[in-house]
Amino acid sequence: AKLDRIREIQARGDDGQDMIHRHGLTENEAFEVEAALIDLAKWLGIKLTNIVKGHHSSDRGRMTAQEVIAQYDAPVLDIQEPVMLVILNRNYQRGMTADQLYEITQGNWVVGTRRNQVQYVLAVYDGLVREVYSAQSWLPVKDKKAKTSKRWRFTGTIATELQHYVGGSVAHYITQGSQNPVRYLNC
């Protein structure tokens with residue numbers, strides 16, 4: 001895609017002159033500037049051919065001031081309620097709408113009967129709670145191949161009584177390297 005874009009520019013008669021935004025940088029500094037420019041271009045709606053987002057974009061890239069504060073100074077949560085943490089690292093995108101966040105949190109999770117003890121579901125990205133939902137019911141996900149469904153999704157609403165959890169850290173409850181995106185607490 002990048003070569004096609006270059007050829008397209010050359011075909012227009014553009015000399016392809018590069019603009020240097022910073023020079024005399026170390027390799028790491030150059031990666032930081034590149035990542036910042038990629039984030040800016042995406043925010044401005046400029047379509048890029050880059051396959052990757054840029055070095056460290058997920059942890060140091062474009063975010064709101066509230067996200068930066070939470071990342072460096074998030075209160076460590078002591079959760080007493082029966083909850084399920086849903087780790088959304090693969091599907092989460094900064095700037096997603098409340099509806100999009102709810103949809104990916106509802107999921108199609110492989111959960112057992114412990115799901116029936118869960119009162120709240122916490123949407124978690126990068127160790128921080130992004131939203132808290134009151135779990136009202138669990139619905140089996142239809143799988144035509146299987147005789148019984150092992151995957152479930154919840155329905156619920158935003159838990160206004162636990163909004164103080166949003167922005168808090170649950171990293172201490174998450175085992176690094178675990179493949180399962182679901183964690184039960186107090187169930």
Mean accessible surface per residue for the chain, computed with a 1.4 Å probe while every protein chain stays in place, in Å²: 69
Max mean-square fluctuation residue, GNM over the chain, Cα-Cα springs under 10 Å, options ASN89, ASN116, ASN28: ASN28
P(r) of the chain over all Cα-Cα pairs, binned every 10 Å from zero, in whole percent: 8, 28, 27, 18, 12, 6, 1
Contour minus Cα-Cα distance for ILE9 and THR157 (0.36 nm per residue): 48.3 nm
Rel. contact order, % - alpha carbon contacts under 8 angstrom, at least six apart, the chain: 21
Nearest-10 value in Å² for the accessible area of TRP109, using the 1.4 Å probe: 30
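Restricting to DSSP H runs of at least four residues, report the calculated mean residue ellipticity at 222 nm for the chain, -39500 (n - 2.57) per run over all residues, nearest 500 deg cm²/dmol.
-7500 deg cm²/dmol
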Proximal lysine pairs, the chain, alpha carbons under 18 Å, eight or more residues apart or interchain: 5
Nitroxide proxy distance, nm - points 7 Å out along Cα→Cβ at GLN66 and ASN116: 3.7
Spin-label model distance (nm) - CYS187 vs ASN108, 7 Å beyond Cα toward Cβ: 1.9
Most mobile of ALA11, ALA135, ALA98 in a GNM of the chain (Cα contacts under 10 Å): ALA11
Among GLU103, GLU29, GLU81: highest mean-square fluctuation, GNM of the chain, C-alpha pairs under 10 Å: GLU29
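Tell me, what is the FRET efficiency for ILE46 and GLN179 to the nearest 0.05, using R0 = 35 angstrom and their Cβ-Cβ distance as r?
That gives a FRET efficiency of 0.45.
The values are calculated or read from the model by the stated rules, or taken from the named source; none is laboratory data. Owing to the predicted nature of the structure, the values given are computational and were not obtained by experimental measurement. Ideal geometry is used to build each Cβ from the backbone, glycine not excepted, and the neighbour counts take in all protein chains shown. Heads up: the accessible areas ignore ligands, DNA and RNA and are worked out on the full protein's heavy atoms, side chains in. Shrake-Rupley method; radii C 1.70, N 1.55, O 1.52, S 1.80 Å.
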